[in-house]
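One structure is given here, and the rest of the page talks about it.
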Amino acid sequence: MNQGLKDLTKLFSLDEKVVVLTGGGGILGRHFASALVQFGATVVVADLNFESAAAVCQEILNDFSLEAHPFELDVSSEASVKSLMEFVVDKFGRLDVLHNNAASKSSDLKRFFANTEDYDMDIWHEVMEVNLKGMFLMARAAGALMARQETGGSIIQTASIYGILSPDQRIYEGAEYMGVQINNPAVYSISKAGVVGLTRHLSTQWLGSKVRVNTITPGGVESGQNDTFKKNYSNRVPMGRMADANEMVGALIYLASDASTYVTGQNVIVDGGLSAW
């Protein structure tokens, strides 16, 4: 080996890293949890629905004989966030990675997808409590903990393509999700744009530490939309299709691992080229 060169074959390994994944019981969350564990991380799968988190951990155990740890978490509650951090420190002694992934479309899909003119502000506040307040509470708590560690840590926040682009309303003609007519409500776009802004702000928050903060922005992922929507959306994407959930995993592993130790304040967009038009 030449002088000055290092063995980089384990750069993407997550061995010995402790990871908290919020929204771990969700559509993308279960794929993120599985990947993190397979790359060697000790993972706390946190979700508002404990049964969903436990089911993901059991699935990982069944498929890979690897252990993950479920935790019931309300990201919008300061007390719940504090309880999670205490659990992590007591059990593992540190936190290396936070994947701030929890998000909400509210408890009522029909009201969530209402027209702008008729939008219910109770739904607005319900979404913002999770998508922005919850994101801030988790990042603040994790960053403070990581900043006290000599090794620092990585905070990764999930946004959305509609946090950086305006929705093309034409693709929603005849579009449905879980039997409900859909659109892209303003509250969702604004909350996800806020995630990108929060990342940029926090990336300069803990100066002098090794805490880095980045965003993953997924494009449209197939997750139960009807054929009309999938066709309309795919026609807007240079790669000609929606994403598979597993195609979001590579960006996460990169940002969680030591492959990205000089990357902070960035937004990694995984959208099949949609934002390149």
Between ASN267 and GLU51, 0.36 nm times their residue separation minus their Cα-Cα distance comes to what?
-> 74.6 nm
Taking Cα pairs under 8 Å and at least six residues apart, what relative contact order does region 7-113 come out at, in percent?
-> 29
Across the chain, how many lysine pairs, 8 or more apart or on two chains, come within less than 15 Å at their alpha-carbon atoms?
-> 7
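Quick one: grab the alpha carbon gyration tensor of region 50-115, order the square roots of its eigenvalues as a ≥ b ≥ c, and give me rounded if a/c is under 1.5, else prolate or oblate depending on whether a/b is larger than b/c. If you can, show how the numbers build up before the last one.
Values: a/c = 2.72, a/b = 1.41, b/c = 1.93.
Judged from the Cα gyration tensor, region 50-115 comes out oblate (a/c at least 1.5, b/c at or above a/b).
Taking loop as defined by DSSP and a crowding limit of 15 other beta carbons within 10 Å, which trypsin sites (Lys or Arg not before Pro) in region 100-202 fit?
On the way: sites: LYS105, LYS110, ARG111, LYS133, ARG140, ARG148, ARG170, LYS192, ARG200; in loops: LYS105, ARG148.
When the trypsin sites (Lys or Arg not before Pro) of region 100-202 are filtered for loop state and at most 15 Cβ neighbours within 10 Å, ARG148 remain.
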Computed over the chain, the relative contact order (Cα-Cα under 8 Å, seq sep at least six) in percent reads 18
Spatial separation of Cα centroids for region 26-94 and region 194-256, in angstrom = 20
Computed over region 161-270, Cα set: Rg, Dmax in Å | 16.2, 52
For the chain, what is the mean residue ellipticity at 222 nm derived from helices alone (per DSSP H run of n ≥ 4: -39500 (n - 2.57); sum divided by total residues; nearest 500 deg cm²/dmol)?
-> -10500 deg cm²/dmol
Normalising by the residue count of region 91-168, find the relative contact order in percent from Cα pairs under 8 Å and 6+ residues apart.
-> 48
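Could you state the accessible area per residue of region 1-152 in Å², with a 1.4 Å probe and every protein chain left in place?
Working: 7990 Å² over 152 residues.
Spelled out: the 1.4 Å probe surface of region 1-152, per residue, equals 53 Å².
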Run the quick spin-label model on PHE64 and ARG94: label points 7 Å from Cα toward the beta carbon, then report their separation in nm to one decimal.
-> 2.1
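Percent of accessible area on region 130-197 owned by carbon and sulfur, 1.4 Å probe? Could the numbers behind the result be given before it?
On the way: 1450 of 2640 Å².
Whole-percent figure for carbon plus sulfur exposure: 55.
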Using alpha-carbon coordinates, inclination of helix 78-92 to the longest axis of the chain, degrees | 40
Please work out the FRET efficiency for the pair GLU173 and ILE27, using the Cβ-Cβ distance as r and a Förster radius of 25 Å; give the result to the nearest 0.05.
-> 0.55
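Enter the accessible area per residue of region 225-277 (Å², integer; probe 1.4 Å; all protein chains in place). Present the calculation step by step, with values, prior to reporting the outcome.
Numbers: 2720 Å² over 53 residues.
Accessible area per residue: 51 Å².
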Out of ASN235, THR217, LEU202 - ranked by how far each Cα lies towards the positive end of the dipole of region 200-246, with unit charges on the beta-carbon of charged residues - the top one is LEU202
Relative to the longest principal Cα axis of the chain, at what angle does helix 135-147 sit, 0 to 90 degrees, rounded to 10?
-> 10
Given a Förster distance of 35 Å, the FRET efficiency implied by the Cβ-Cβ spacing of GLN205 and ASP15, rounded to the nearest 0.05, works out to 0.80
If the chain between SER107 and PHE87 were fully extended at 0.36 nm per residue, the gain over the current Cα-Cα distance would be 4.4 nm
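How large is the dipole of the chain about the Cα centre if only Lys and Arg carry +1 and Asp and Glu carry -1, each at its Cβ, rounded to the nearest 20 debye? Working shown, then result.
On the way: 22 positive and 31 negative charges, 180 e Å.
I would put it at about 860 debye.
The values are calculated or read from the model by the stated rules, or taken from the named source; none is laboratory data. These numbers were taken from a predicted model, which means no experiment stands behind them. When we count neighbours, we look across all protein chains shown, and the Cβ atoms used for this are built from the backbone with ideal geometry, even at glycine. These accessible areas exclude ligands, DNA and RNA; they are computed on the full protein's heavy atoms, side chains included. Shrake-Rupley method; radii C 1.70, N 1.55, O 1.52, S 1.80 Å.
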